[in-house]
Amino acid sequence: MGPDSTPAASALARLEAWITKEDFAGWDPYDALNSPLLKALSLGTRYGGIFWVQLVKRLPVNLRPLLAVPRGWNPKGIGLFLHASALRGSSEDRERITRFGSWLLDHANRDYGGMGWGYNFPWPGRSFYCPAGMPTVVNTAYIGQAFLRAWRATGEERWLDGARGAARFVHEGLPLSAEDASGRCAAYTPIDRARIPNANMLGAALLIAVGSRTGEEAWITEGRARMNYSLARQAADGSWPYGEAANQQWIDSFHTGYNLLSLAQGARFTGDAAWQAALRKGLDFYLDHFFEPDGSVPTFHDRRWPLDPHAQAHALITLKDLSFLDPRCADLRQAVRARLLEWQEEEGWFCYWITEKRRIRIPFMRWIQAWVYAALVYDACGEAEFNLPAGVA
């Protein structure tokens with residue numbers, strides 16, 4: 001890891017001690033409707049829910065204890081903890097693999113085919129209202145990848161079965177939101193028709209990765225079609241907007257990173273030359289637009305503020321994963337790591353947002369702590385790919 005290994009190892013140990021003390025449970029930026037009061041005040045409407053969720057999310061102080069919002073286990077957060085435990089693989093990590101993996105299997109949604117995972121809170125989006133527990137392709141893809149890592153670390157067939165269940169949901173449980181000559185796009189959840197590149201590509205990568213392990217050719221074929229659809233929407237400069245809708249045209253760093261890692265995994269499995277070229281073009285945009293001289297990773301490509309440790313942590317993962325493509329990644333990785341460590345609080349957790357005027361000091365478990373934890377574990381381990389590569393059994 002270089003000269004920053006000791007500070008990074010110390011930061012990881014402090015974060016791990018705090019997370020363990022909290023038993024991996026916490027609040028989330030979007031969990032306001034877990035408050036009985038705010039759920040009632042929203043009147044069950046999407047716009048009422050958006051109002052309260054965004055208000056509580058943007059406050060510089062944490063009102064969740066006063067609003068009776070419970071701390072809980074978030075499936076995506078637990079998936080990230082499972083992934084990190086499988087990457088590191090100590091004896092304690094093996095115990096955690098069993099605990100986290102078993103919990104995820106027990107809490108999977110099996111209503112749409114296979115196994116899917118949502119959030120432990122309802123969230124109203126710009127296009128639809130998602131009830132608590134409604135599975136999403138993003139959560140399911142990350143948890144499926146974590147199960148692949150757990151299977152690799154332990155050899156236990158039940159974790160490969162978990163990955164199969166996730167792939168089956170991605171294949172069967174999501175309606176198509178678009179189909180044309182370039183390929184197909186799946187929805188974000190079973191109840192919407194959104195066209196979101198990062199979601200479609202995450203699902204595609206999981207289908208290809210699991211299908212390549214299990215011999216499910218239909219999953220590989222569908223994964224290729226979904227990846228090709230999103231590659232056809234890559235802009236000439238290498239970027240992707242968050243979504244295709246008119247109100248989803250922003251470009252941000254961590255969703256761009258999701259796209260790049262999904263594409264990199266798909267390219268490793270398939271060897272597709274067009275995907276490799278798109279990956280290089282996308283990486284050029286990413287490196288040119290999301291890294292400041294002080295190591296900060298802005299959330300958005302056209303403005304510096306706010307800074308978000310989530311984006312910083314995912315950049316650390318992305319830079320390591322794609323360092324074989326561009327020598328700039330190694331120097332940027334050191335600067336990004338050093339900047340990230342500056343945002344650790346005395347108790348060991350990492351702050352939420354850094355604005356031009358202040359830090360927002362709220363210890364969100366899934367959005368910040370799980371991502372930083374996974375990033376620091378991956379940064380320190382010997383693996384060269386965050387997701388399971390093609391040549392590793």
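What follows is calculated from the coordinates using simple rules that are stated; it is not laboratory data. Source: prediction; values computed, not measured. No Cβ is skipped: glycine too gets one built from the backbone with ideal geometry, and neighbour counts run over all protein chains shown.
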Compare Ala40, Ala246, Ala186 in a GNM of the chain, Cα atoms joined below 10 Å, and give the one with the largest fluctuation. Ala246
Length gain on complete extension for the stretch Thr221 to Asp237, per 0.36 nm per residue less the alpha carbon to alpha carbon distance? 3.0 nm
Two decimals, Cα atoms only, Kirkwood Rh: what is Rg/Rh over the stretch 32-89? 1.15
Reviewing (1) 19.5, 54; (2) 21.8, 86; (3) 22.1, 83, the figure for Rg and Dmax of the Cα atoms in Å actually calculated from this model sits under (1)
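Provide the gained length on full extension for the span Leu41 to Glu342, in nm with one decimal, where the gain is 0.36 nm per separating residue minus the Cα-Cα distance.
Length gained between Leu41 and Glu342: 104.5 nm.
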Say each of Ile50 and Asp331 gets a label point 7 Å from the Cα, pointing the same way as Cα to Cβ; how far apart are those two points in nm? 4.3
On average, how much area does the Cα convex hull of the stretch 121-243 cover when viewed from any direction, in nm²? 8.1
Label 7 Å along Cα→Cβ of Arg110; the stretch 153-182 residues with amide nitrogen under 18 Å? 157-174
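Once the piece of chain linking Leu63 and Ser91 is laid out straight, how much longer is it, given 0.36 nm per residue of separation minus the C-alpha distance between them?
Once the chain is fully extended between Leu63 and Ser91, it gains 6.3 nm.
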For a label point 7 angstrom out from the Cα of Gln248 toward its Cβ, which stretches of the stretch 199-230 have the backbone nitrogen within less than 20 Å? 199-207, 223-230
